[in-house]
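The values are calculated or read from the model by the stated rules, or taken from the named source; none is laboratory data. As the structure is a computational prediction, the values presented were derived from the model and not from experiment. Positions of Cβ are backbone-derived with ideal geometry, glycine not excepted, and every protein chain shown enters the neighbour counts. Accessible surface is based on the protein model in full, side chains and every heavy atom, while ligands, DNA and RNA are left aside. Shrake-Rupley method; radii C 1.70, N 1.55, O 1.52, S 1.80 Å.
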Amino acid sequence: MKKTQIILLLSLLTLGAKAQELTIPQLSQYIADNPFLMSPTYAGVGDHIKVRLNGLTQWVGIEDAPDTQTVAADARIGNRSGLGMVMYNDSNGNTRQRGARVSFAHHLTLDRYDDEFLSFGLSYNFNQFRIDVENFRDENGQIPTDDRSTTNHNFDLGLLYRFDKFYLSLNASNILPKNLEQFNPTFEPNTLRNYYAYVGYSFMKNKNSRIEFEPSVFFQLFENDGRSVTDLNAKFRFHDFEDYYYLGLTYRFLNDQFGSPLYVAPIAGLKKSNFYFGYSYQVITNEILGYSQGTHVLTVGMDLFQGISNCRCTY
């Protein structure tokens, strides 16, 4: 099997994608204490400025495999609002995309005594997509002169409900259709809308317990072709006053193939003072394992200016 065929097969099986979809590849980055990367509703959920740098290297061992870098930051603005931004650079073979997402969230306190909160989020997305035409030659051996690139603008919407240790986030991403003027509309999907939900609960034996268990589920549905994926997550935190360490596991599968996971990803990390570190290694569990050594996800970050808001819903 040729290497290009291997990469195509990996794309279909691991991400279920037909092409780069003008968005940040959504794997397990959100579970590294960085849910804002997944949903605008988390902008400003915290009494500090949260900065996270993330590196995602997929299918180690495959030439020109997808590689993504992101920088995310969000902060509380007053007692009811939050702002955030994500910038990213993504490469996949001979395609490149760079972009940014600017988010605003509004947070309401429904019951301050029972810790019940409702948040609304909106993101504006800017994306530049390009094919590296300089790597190709026509029948005369010349580099194509037409620049295969396009600029896209889009929006995300989200809703977040929290009650004590329970949370539920509902989101719609890439609401507008994609610009196909410089691509072949026969093969490129025009509808990029996808819908996803993130739900979980944090268990502690009592308020003085140092061990916390947090199961969660991430579900994503793509409108264009009806495919959907689910993550089953389990995470243990070990608290040491304001610091903590965590271990966990993510199990991702297509919803019509529960017994054949796309990958299984052990995760680990820590928060020490204002510094954060997280790592995940995604093990591909199908026949592609013979061609790839898996996927690495690395997250580092800082929490700055603690106490910029004393609103109860930042805790």
Q | Separation of the Asp243 and Thr151 label points, Cα + 7 Å toward Cβ, nm | A | 4.7
(Q) Give me the extension gain from Ala197 to Phe120: residue separation times 0.36 nm, minus the current Cα-Cα distance, reported in nm with one decimal. (A) 26.3 nm
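Over the range 191-285, what percent of the accessible surface lies on carbon and sulfur atoms, probe 1.4 Å? Could the numbers behind the result be given before it?
On the way: 3120 of 4890 Å².
Taking all protein chains in place, the range 191-285 shows 64 percent carbon and sulfur surface.
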(Q) I want to make sure I understand the PRE zone here: with the label point 7 angstrom from the Cα of Leu53 toward its beta carbon, which residues in the range 265-279 have backbone N atoms less than 19 Å away? (A) 269-279
**Q.** Relative packing of 193-203, 43-53, which averages over residues the other C-beta atoms within 10 Å, highest first
**A.** 43-53, 193-203
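Could you give the length gained by full extension between Asp256 and Asp225, i.e. 0.36 nm per residue of separation minus their alpha carbon distance, to one decimal place?
Numbers: separation 31, 0.36 × 31 = 11.16 nm, distance 1.37 nm.
Roughly 9.8 nm would be gained on extension.
Taking Rh as the Kirkwood radius computed over C-alpha pairs, what is the Stokes-Einstein D of the range 195-234 at 4 °C in a medium of viscosity 1.567 mPa s, expressed in µm² per second? Mind showing how you got there, number by number?
Working: Rh = 11.9 Å.
Using the Kirkwood radius from Cα pairs, D works out to 109 µm²/s.
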Q | Formal net charge of residues neighbouring His239 (Cβ-Cβ distance under 15 Å; K, R +1; D, E -1) | A | +2
Q) To the nearest 10 Å², what's Glu63's accessible area with a 1.4 Å probe? A) 110
